[in-house]
Amino acid sequence: MKKIILFLLQIPLLSLLSFGQESQIDQKITAIMKQYKAIGLNVVVVKNNKVDFHKNYGYKNLEDKTVFQENDIFRIASISKSFTATSFMQLIEKGDCALDDDFGSLIGFPIRNPYYPDKKITLRMVLSHTSSINDSNGYFDLDVINPAKNPNWKNSYNHYEPGSRYQYCNLNFNMAGAVLENLTGTRFDTYISNHILKPLNLYGGYCIDSLDHTRFIPLYTFDEQGVFHIEPNAYHPRREEINKYQLGRSTPVLSPTGGMKISAIDLAKYMLMQMNYGYSQGERIMGREYAKTMQSAVNKESGYGLAIMNNHEVIPEVSLTGHTGSAYGLYSAMFFNPERKFGFVVITNGCNLPDSEEFNPLLRDCIRALYDTFIK
């Protein structure tokens, strides 16, 4: 009888602890949002290898003050790159390609830095941003780097040896998406859906018209007067280009480099797969060694692996692995610690930030607040 009484007495204490944590984080998040004038914010905390906390703050739509629904979806920007790299890990595991393959042979036209013509540019270099390729010519058209299509193709290369240095480049991943189509004979978004999203029971995708438009979260940017404006191109369907789609050529229309649309909670479930080295919800998405390869730094100075970065600065003296994103006013972060089995997803649909910050301070401050409240 004493044991039963003691158990009943403990229940309110546990509830109060949970309520206290939520009240504490609500105050912290609200203060951070106010500091950076954030419109809306979605946060997810993974602890002990499962979703421990998920909450949405602010507004989905600023005009009519619509609040978020749990299944609303964002364009998550550059976190999308990790879906592309994950797909390649699957193909490499099957033996369809290798990280040290000549990327020009894979894409179907020469990929050679004109200042180092004898140096092979590999798939590994492209996926790790060490290819010496840049975005000077743009990245929405593969012809910009094709010597047969663009007389200024050389501008797409830096003046250093491929593999020797890191420079972030969106063209790398739009080209990688085209190679994925060449290797599989499947449109990029269809492959991602069939081999990553559906096995993990996640709702999302790269093609606008394959998704429920009512779930799209509007994105906002500030003008010079500090006024928010909605970004109409954030969810541009590009139907005309898709109607004329050619595998291995039209791929940038779907934006493998930044076009994934997914909810914060489903992104956290995807993060769990990465955290557990390719395994989640009873599904093996990629082999453990291939997931570890993604997370291992190719360039030691940057800490960048294959569409995954390693960071020791967001939370001082704590190692985090993941990626960030920014586009059309959105800022996103997905970071986790695979050893201690915790992680965070933080996404805002608009805020006012100083341009000089290297790592988005709103994302940084929110991750630190979540860590201090739920993990530390």
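The values are calculated or read from the model by the stated rules, or taken from the named source; none is laboratory data. Please read all numbers here as calculations on a predicted model, not as lab measurements. Note that we place each Cβ from the backbone using ideal geometry, even for glycine, and neighbour counts take in every protein chain shown.
When the residues of region 92-113 are filtered to those that are of a type in the set (A, V, I, L, M, F, W, C) and in a helix (DSSP H, G or I), the one that is surrounded by the most Cβ atoms within 10 Å (Cβ to Cβ) is F103.
Residue count for region 27-62 satisfying the condition of being of a type in the set (A, V, I, L, M) and either free of Cβ contacts under 8 Å to residues at least 60 places away in the same chain or assigned to a strand (DSSP E or B) (or both): 7. Of R368, R340, all but one fail to be over 25 Å from F216 (Cα atoms), part of a loop (DSSP other than H, G, I, E, B) and not hydroxyl-bearing (S, T, Y); the exception is R340. Within region 227-266, the residues that satisfy the criterion of being within 14 Å of R75 (Cα to Cα), part of a helix (DSSP H, G or I) and touching a Leu at 6+ places or on another chain (Cβ under 8 Å) are A234, D266. Total residues in region 274-319 satisfying the condition of being within 26 Å of G40 (Cα to Cα), surrounded by fewer than 18 Cβ atoms within 10 Å (Cβ to Cβ) and modelled with pLDDT of 95 or more: the figure is 0. Please indicate, with yes or no, whether at least one residue in region 284-296 is more than 27 Å from N233 (Cβ to Cβ), in contact (Cβ under 8 Å) with a residue 40 or more places away in the chain and of a type in the set (D, E, K, R). So far as region 284-296 goes, no, none of its residues is more than 27 Å from N233 (Cβ to Cβ), in contact (Cβ under 8 Å) with a residue 40 or more places away in the chain and of a type in the set (D, E, K, R).
So if I check each of S136, S87, which one is surrounded by 14 or more Cβ atoms within 10 Å (Cβ to Cβ), among the small types (G, A, S) and assigned to a helix (DSSP H, G or I)? So that I can check it myself, show each step before the final result.
Numbers: S136 fails: assigned to a helix (DSSP H, G or I).
After applying the criteria, what remains is S87.
Filter region 61-80 for residues that are touching a Ser or Thr at 6+ places or on another chain (Cβ under 6 Å) and either surrounded by fewer than 21 Cβ atoms within 10 Å (Cβ to Cβ) or within 19 Å of Q274 (Cα to Cα) (or both) and give the result. Scanning region 61-80 gives N71, I76, A77, I79. Restricting attention to region 114-133, the residues being touching a helix residue (DSSP H, G or I) at 6+ places or on another chain (Cβ under 9 Å) and assigned to a loop (DSSP other than H, G, I, E, B) number 9.
Of all the listed residues (L171, L197, L183, L247), the sole one being in contact with a Cys (Cβ under 8 Å, 6 or more places away or on another chain) and modelled with pLDDT of 95 or more is L183.
Would you pick out the residues in region 229-261 that are polar (S, T, N, Q) and without any contact (Cβ under 8 Å) to a residue 40 or more places away in the chain? Passing the criteria: N243, Q246, S250.
The set of residues from region 207-219 being within 19 Å of the chain's Cα centre (by Cα) and not in a helix (DSSP H, G or I) comprises C207, L211, F216, I217, P218, L219. Scanning region 139-155 for residues that are within 20 Å of A307 (Cβ to Cβ) and out of contact with any Cys (no Cβ under 8 Å at 6 or more places or on another chain), which turns out surrounded by the most Cβ atoms within 10 Å (Cβ to Cβ)? Ranking the candidates gives I145 first. Residue count for region 87-131 under the criterion of being touching a residue at least 60 places away in the same chain (Cβ under 8 Å) and aromatic (F, W, Y): the result is 2. Screening Q21 with (1) modelled with pLDDT of 95 or more; (2) closer than 18 Å to I367 by Cβ gives one miss only, at (1). Any residue in region 262-273 that's crowded, with 24+ Cβ neighbours inside 10 Å: show its pairings with residues that are in a helix (DSSP H, G or I) and of a type in the set (D, E, K, R) at Cβ separation under 9 Å, as long as the two are six or more apart or on different chains. Close Cβ pairs satisfying both conditions: S263/R215.
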